[in-house]
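The values are calculated or read from the model by the stated rules, or taken from the named source; none is laboratory data. This structure is a prediction, so every number in the text was calculated from the model and none was measured. Heads up, the Cβs are rebuilt from the backbone with ideal geometry, glycines too, and the neighbour counts pull from every protein chain shown.
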Amino acid sequence: MPERLAENPALVVVLHGCTQSAGGYDRGSGWSQLADEHGFLLLFPEQQRANNPNLCFNWFSATDNARGRGEALSIRQMIMTMVDAYDVDPSRIFVTGLSAGGAMTSVMLASYPELFAGGAIIAGLPHGSASNTPQAFEAMRGAGAYNARELGDRVRRASDHEGPWPSISIWHGSADATVSSTNADAILAQWLSVHDIEPTPNVSEKIAGHRHRVWHDGTGRALIEDYRISNMGHGTPLATTGPEACGAVMPHMLEAGISSTRRIAASWGLLEAEKERTSAQSVRKNPEAASHVPAPRIGRLEPLPSEPARPILSGKAGVEKIIHDALRAAGLMR
């Protein structure tokens with residue numbers, strides 16, 4: 001939480017990937033650096049081993065990936081606690097995540113679209129990709145064809161919401177061997193359908209050697225952005241030097257010469273606008289909380305006793321072993 005909050009601040013919810021912690025993902029991505037500079041709030045839900053031994057959000061579990069259920073509901077409850085405690089502007093709540101956190105970002109955007117102004121999915125998967133472990137493995141490999149209308153219907157069926165819909169930012173490495181980049185294509189198709197816009201982008205360009213495309217609404221507002229990071233593997237794209245410098249290289253936090261964190265925050269209007277709104281003193285409901293707290297708010301997902309721990313992929317190394325062990329334990333593979 002930054003020392004100086006803007007009045008009625010924006011809130012960014014950040015979901016880590018498998019094997020990662022909330023604090024580790026924060027250090028790698030640089031979100032707290034930007035929040036300290038610009039006065040917006042951060043919430044880092046953190047997975048617990050009792051829920052998933054590899055610390056993956058259970059985006060593939062039917063008991064966790066729908067409105068009013070499991071982990072999706074827990075994350076929403078954390079958000080509403082922050083909204084009430086810090087007078088968050090309800091029109092400026094955003095969500096982002098990497099890998100399993102990116103897939104869970106898709107879940108949150110589909111399950112609670114009325115809650116979010118925008119979302120950024122990094123090396124993730126579209127909503128509705130899987131409802132069990134074998135399907136998760138197939139989806140990550142990019143197996144099977146997809147139909148844009150059906151993908152969009154998965155979002156439309158996830159709630160009673162009829163619009164307006166969150167803006168979407170998609171980031172994926174072209175050399176990702178853990179989550180196939182065909183999933184980025186499917187995410188794009190899903191949200192083009194939801195927003196009911198044509199597949200031809202309004203902007204198509206190269207930024208730092210990476211493909212960037214943008215789709216606008218009738219007023220010129222960006223509804224969908226798509227970044228494909230050339231020759232990058234599975235992870236969050238960083239620029240750790242130069243004018244965009246933000247974050248630190250570590251496993252699955254990858255130098256790419258472009259800062260996904262900074263560009264996502266800018267696309268949400270969180271940089272200069274928030275800096276101007278920041279007051280001289282921290283704005284909090286609770287005056288006893290006026291001392292500086294450098295770390296972001298971390299909300300830990302409590303174990304769900306009715307659900308057994310479910311292993312899932314943690315990265316390129318060991319992916320097949322984890323899945324195969326799970327399938328064997330379930331009697332689905334010899």
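Comparison of E3, E37, E71 shows that the only residue that is modelled with pLDDT under 95, out of contact with any strand residue (DSSP E or B) (no Cβ under 6 Å at 6 or more places or on another chain), in a helix (DSSP H, G or I) and over 19 Å from I187 (Cβ atoms) is E37.
Could you tell me which of the residues A265, A186 is modelled with pLDDT of 95 or more, farther than 30 Å from A85 by Cα and surrounded by 21 or more Cβ atoms within 10 Å (Cβ to Cβ)? Break it down into steps so the answer makes sense when it comes.
On the way: A265 fails: farther than 30 Å from A85 by Cα.
After applying the criteria, what remains is A186.
Checking each residue in region 166-182 for being touching a strand residue (DSSP E or B) at 6+ places or on another chain (Cβ under 9 Å), in contact (Cβ under 8 Å) with a residue 60 or more places away in the chain and either assigned to a helix (DSSP H, G or I) or of a type in the set (A, V, I, L, M, F, W, C) (or both) picks out W171, V179.
One residue alone among G144, G119, G163 is free of Cβ contacts under 8 Å to residues at least 60 places away in the same chain, buried (at least 23 other Cβ atoms within 10 Å of the Cβ) and farther than 18 Å from G233 by Cα, and that residue is G119. Taking the condition modelled with pLDDT of 95 or more, more than 14 Å from the chain's Cα centre (by Cα) and not hydroxyl-bearing (S, T, Y), does G17 pass? Criteria not met by G17. Among all positions in region 80-91, there is no residue which is buried (at least 24 other Cβ atoms within 10 Å of the Cβ) and either within 13 Å of the chain's Cα centre (by Cα) or under 25 Å from G128 (Cβ atoms) (or both). Within region 42-52, the only residue that satisfies the criterion of being touching a Lys or Arg at 6+ places or on another chain (Cβ under 8 Å) and loosely packed, with under 15 Cβ neighbours inside 10 Å is Q48.
Pairs meeting the criteria (first residue in region 222-251 and farther than 21 Å from S167 by Cβ, second residue surrounded by 17 or more Cβ atoms within 10 Å (Cβ to Cβ) and among the acidic types (D, E), beta carbons under 7 Å, at least 6 apart or on different chains) are G233/D176; H234/D176.
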